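Remarks on the structure that follows.
The values are calculated or read from the model by the stated rules, or taken from the named source; none is laboratory data. Quick caveat: nothing in here was measured; it's all calculated off a predicted structure. Using ideal geometry, Cβ is built from the backbone for each residue, glycine included, and neighbour counts are taken over all protein chains shown. Please note that ligands, DNA and RNA were not included when accessible areas were found on the heavy atoms of the full protein model with its side chains. Shrake-Rupley method; radii C 1.70, N 1.55, O 1.52, S 1.80 Å.
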Amino acid sequence: MASGPAVAGLAVCNDTTVLHSVAIGYRGDDGWVSQGWWNIAPDQCATVLAGDLVNRYYYLMAQADGWAFDHEGIGFCILADVFDIAGDQECGGRGYGHGQFLELDTGKTEKDHVTHLAAVSRPAPPSEPAFVPPGEYGEPYSAAGNFQACTTESGQIVCSLFADGVQVFFRQDGREGEEVFAFVDRFRPGSPVIVHGDMEAVHDRTADLVPYKLFARGLGEADELLQDMQGKWQSRDDTAAGLMLDGSLLDLTYDTQILDSGSIRVSASCNDYSEGGPYLILQSDGDSAATCYGDLQVDGPFLNMTHLPGGNVLRYQRVD
């Protein structure tokens, strides 16, 4: 079969033996969009997005009777019928279903891209995820947050994410939904996710959750800033001072010694401040009150922010 359509854009070719229906997700001019369906017969191709590609990353969902799709747990809203949906959150509340997509990396400068379905879909009966009735283990809980990390404790996988300044821990102990831990190894610290589950216990700044769904969500502006800030930074005004950000966990250092640690989040407001954002909100381990930093900017290797209410401008540069 031909390598793909001659039209520039995003194309999908069906090199399997059965009819597939495909949907796409991508960032448009006004935010995230999901569209579908294209029915593609064997040995046929479809241009699902015409014109030169303007993004590097696009997202694909494919389905066929008796075939399993190798999605990556990235969530977009869908419908059984033809759809063109703005936004990727609150799907159920808006009357939509939820689909799981995979990420397509089209390259930094490519203007067109072709995906072949045989690489992402295979003949195998899909497994039905286990259903955990909401409220069985605590108060039903749903949140959009940022993944942190996983460890192994006494043979159990224990993971955490940050949502609204709280570190939410969840473990693989047999009570969770079947696919909750299927993709945790693909999430990097700071990855945007959505979690549903039962809140089993709430502590000071941590909580214990029994999860029944965990999936990726699209990058928002706050998520992009958080990702751009990851790593080690050195003050441009005092080379002994620095900071290290891993996911949502921040260490403030001086002469390589950790002076303070805490969790951070990026928000459009902080305490009584709502102008001069975006804001970095720091919740130090030893302080009950949050610290606000305004005018947060990441410009290539430089990071700038203003400590509030004092107004001192903090200037950092990235350390490789």
**Report entry** the chain, accessible area per residue, ligands and nucleic acids excluded (1.4 Å, Å²)
**Finding:** 51 Å²
Report task. Compute the relative contact order of the chain as a whole-number percentage, counting only Cα pairs closer than 8 Å that sit 6 or more residues apart in sequence. Result -> 11 percent
Report summary line: Cα-based Rg/(2.2 N^0.38 Å) for the chain, rounded to two decimals, is 1.11
Requested in this report: For the range 19-164, just the Cα atoms, rotate onto the principal axes and tell me the three extents in Å, largest first.
Outcome: 48, 36, 33
Report summary line: Toy charge model, Lys and Arg Cβ at +1, Asp and Glu Cβ at -1: the chain dipole around Cα centroid in debye, rounded to 20, equals 500 debye
Query raised in the report: Can you give the Rg to Rh ratio of the range 1-97, both from alpha-carbon atoms, with Rh computed by the Kirkwood formula?
Result: 0.96
Report summary line: So, relative contact order of the range 135-183 in percent, Cα under 8 Å, 6 or more apart, is 24 percent
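In a shell of Cβ-Cβ distance under 14 Å around TRP233, excluding TRP233 itself, what net charge do Lys and Arg (+1) and Asp and Glu (-1) give?
That sum, taken over residues with Cβ under 14 Å, equals -3.
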Report task. Heavy atoms only, probe 1.4 Å: what % of the accessible area of the range 116-263 goes to carbon and sulfur, would you let me know? Result -> 50 percent
Requested in this report: Can you tell me the order of 36-43, 141-148 when each peptide is scored by its average per-residue count of other Cβ atoms within 10 angstrom, highest first?
Outcome: 141-148, 36-43
Report summary line: So, relative contact order of the range 74-113 in percent, Cα under 8 Å, 6 or more apart, is 43 percent
Requested in this report: Note down the nm distance, to one decimal, between modelled labels 7 Å out along Cα→Cβ at SER261 and at GLN234.
Outcome: 2.4 nm
Query raised in the report: Once you put a point 7 Å from the Cα of ASP251 and another 7 Å from the Cα of GLN317, both along the Cβ direction, what distance in nm separates them?
Result: 2.3 nm
Query raised in the report: Can you give me the Cα centroid spacing of the range 133-151 and the range 231-262 in angstrom?
Result: 30 Å
Report task. Give the Cα extents of the range 175-271 along the principal axes, in whole Å, largest first. Result -> 50, 30, 29
**Report entry** Net lengthening on full extension, ASP84/GLU224 (0.36 nm per residue, minus Cα-Cα)
**Finding:** 47.9 nm
Query raised in the report: Given that compact globular proteins tend to follow 2.2 N^0.38 Å, what is the ratio of the alpha-carbon Rg of the range 260-320 to that value?
Result: 1.11
Query raised in the report: Once Lys and Arg get +1 and Asp and Glu get -1 on their Cβ, which of SER263, GLN167, THR17 lies farthest toward the positive end of the dipole of the chain?
Result: THR17
Query raised in the report: In cubic angstrom, how much convex hull volume per residue do the alpha carbon atoms of the range 88-216 span?
Result: 164 Å³
Report task. First check a/c for the range 54-113, with a ≥ b ≥ c the square roots of the eigenvalues of its C-alpha gyration tensor; if it is under 1.5, answer rounded, and if not, answer prolate when a/b is larger than b/c or oblate otherwise. Result -> oblate
Requested in this report: Quick one: which residues, 5 or more positions from PHE83 or on another chain, have an amide H under 5 Å from its amide H? H modelled 1.01 Å from N in the peptide plane, none for Pro or chain starts.
Outcome: GLY36, TRP37
Report task. Starting from the residue with the highest accessible area, list LEU79, LEU308 in decreasing order, probe 1.4 Å. Result -> LEU79, LEU308
Report summary line: The extension gain from HIS307 to ASP105, computed as 0.36 nm times the residue separation minus the Cα-Cα distance, is 69.0 nm
